1. Report the charge-dipole magnitude of the chain in Debye, nearest 20, computed about the Cα centre from +1 at each Lys and Arg Cβ and -1 at each Asp and Glu Cβ.
2. Which links in K36/K260; K129/K291; K104/K252 stretch past 31 Å when you go from one Cα to the other?
3. D236: net charge of surrounding residues, Cβ under 15 Å, Lys/Arg +1, Asp/Glu -1, itself excluded?
4. What figure in square angstrom, to the nearest 10, would you give for the accessible area of S231 with a 1.4 Å probe?
5. Antiparallel DSSP bridges in segment 73-169: what percent, to the nearest 5?
6. Considering only the other residues whose Cβ falls under 12 Å of the Cβ of E151, what net charge follows from Lys and Arg at +1 and Asp and Glu at -1?
7. Please give me the summed charge of the neighbours of F267: other residues whose Cβ is under 10 Å from its Cβ, Lys and Arg +1, Asp and Glu -1.
8. For the chain, modelled as a GNM with alpha-carbon contacts under 10 angstrom, which of G29, G55, G99 fluctuates the most?
Amino acid sequence: VSNIYCRAKSRKKKVTKSGVEEVMKYVIGIDCGGTKTQAIAYDLEENVLGEAIEGFGNLLISYEQAKANIFRAIDDLLTKFGRADCQLIALGIAGIDGGGLREKIQNELAYYDYPVYLYNDAQFSYLAKVGFQPGILAIAGTGSAFFGLKEKQWYRVGGWGQLLGDEGSAYHLAIAAIKLVLAEFDEGKTLSPFAQDLLAFFGAEDVMNLVKIIYQKNKGEIASVASFCSSYEQKDARVSELLKQTGELLAKQVTQLAKKMKLTSGFYLGINGSLLEKQATVRQVFLEQLKSYEVVLIPDTVQNAKAALVIWKNQLAAQSISTANFR
């Protein structure tokens, strides 16, 4: 896969207050997901210098291709900003916690003569948004999962996939919405406008055909129904109720994790995923349910790659929490 996008400022030096030019030192943060690999170079004053975007970085999809995408993104930025001036490289890689992949990619990244910090994608996102402070990261996209950090120990709730969990995820919401259609059929009712439009959404001729199509779809394709539900929120009270229940389910799991971690009010909360970032009702109900905790909400705009700066400021702490040993 060729480089999709690379943007960078041309300057490689900065001028101090005294007017003296200095070599510009920088760090590289890389968010390696199932769709793309996003590498961002930051100077030590937290300014974005440039970014390189390649194809997927999830090692479970294809180790060799993901590795090639990651290495190409790194090399792009090192070439742009000077190999001698890079201070560290930090990566959050989906799919590194199984089958010895963490150790394998760590050894291969030793090719680069810089300190390399490696985390799974959830840890990386947590560090970018919350840092080393006690708090929780709530993820609600296609799937759902909740991660926390306190006193150098990682914690988690959920994230068990669509068969064993994913409550409050887009997939979970989509299945509940599809079941509304099936219930209408089972009860002998005339299909509602929502049901008819959902059939059209999948190109299904009737309910029986819908079921056949659903069983041929993957998790992500089924989860796309969540965005369809948003368009029906004001038209069907049942759909509105499903969205509210989704927010409640997500908040319930944050509460469960907070109790597990013995967190009191005022802890930091980061959020990831389209349901919590973009679906207004889910987000509103979610935050309302957590009001008693008086959480400190981290802005959605924080890029995951910014974890590199957090790590740069406290490398000892970064080393102490690099493993994925969750409670």
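1. Dipole of the chain, to the nearest 20 debye: 920 debye.
2. Values: K36/K260 33 Å; K129/K291 20 Å; K104/K252 37 Å.
From the list (K36/K260; K129/K291; K104/K252), the Cα-Cα distance tops 31 Å for K36/K260; K104/K252.
3. Around D236, the charge tally is +1.
4. Accessible area of S231: about 70 Å².
5. 70 percent
6. Within the 12 Å Cβ shell, the charges total +4.
7. Result for the neighbourhood of F267: 0.
8. Of the options given, G99 has the highest mean-square fluctuation.
The values are calculated or read from the model by the stated rules, or taken from the named source; none is laboratory data. Everything numeric in this text was worked out from a predicted model, so none of it was measured. Note that we place each Cβ from the backbone using ideal geometry, even for glycine, and neighbour counts take in every protein chain shown. To get the accessible areas, we keep the full protein, side chains included, count just its heavy atoms, and leave off ligands, DNA and RNA. Shrake-Rupley method; radii C 1.70, N 1.55, O 1.52, S 1.80 Å.
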